[in-house]
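Right, one structure below, let's go through it.
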Amino acid sequence: MQAMKIAVRAVAMPPESSIVHLYAGSNLADAYAVDLPHQQARQMAMDSLARHVLGSQPGWAQSLMTVRDAIVQPFGIKTAKQLAAHPAGRIGIFRIYAVGDDEIIVGEDDSHLDFRLSLLRKRQEGQYGSITMSSVVHCHNKVGRAYIAMIKPFHKLIVQRSLVRAVRGGFS
């Protein structure tokens with residue numbers, strides 16, 4: 001059996017996203033898209049689709065999160081364990097800000113930075129449509145800028161691998 005080739009592509013920040021107003025002046029803004037694998041993914045509720053994408057992080061990314069928590073805790077930055085301890089209104093560590101038919105906005109506000117992540121489904125692209133994951137970060141201080149500098153090399157890899165893993169898993 002041939003392995004499925006999944007192409008995650010860097011794309012422009014989507015102008016139709018409800019976080020478009022956050023793009024200007026951001027310290028980090030990027031977007032990656034992947035084609036949806038089947039009709040079911042095209043029809044899924046956005047919170048379910050987001051749980052598959054955000055829950056599809058590779059093991060090495062989870063290990064990096066443990067290291068991140070050990071480094072940032074002394075600075076008063078919320079740890080993943082603290083964020084996940086309050087699951088209502090969250091997908092893992094991400095607070096849900098808005099859910100629509102084709103977009104979900106998650107993120108977090110903290111003393112050092114605010115970030116939003118949009119998962120935007122485009123039903124007209126590809127055979128079954130596509131999903132675009134956009135990230136926007138606004139830093140408040142030196143700690144936030146140092147944090148972004150620390151995670152930026154890993155951010156792109158984690159986003160891309162999460163999208164690939166969700167497609168391989170068939171969003172199920």
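A short reminder: the numbers here are calculations on the coordinates, not readings from a lab. Keep in mind that what you see is a predicted model, and the values were worked out from it rather than measured. Note: ideal-geometry Cβ built from the backbone for every residue, glycine included; neighbour counts use all protein chains shown.
Looking across region 30-46, the residues that are of a type in the set (S, T, N, Q) and touching a residue at least 24 places away in the same chain (Cβ under 8 Å) come down to Gln39, Gln40.
Please specify each residue of region 108-151 satisfying the condition of being farther than 28 Å from Pro37 by Cα, touching a residue at least 24 places away in the same chain (Cβ under 8 Å) and basic (Lys, Arg). The answer is Arg145, and nothing else.
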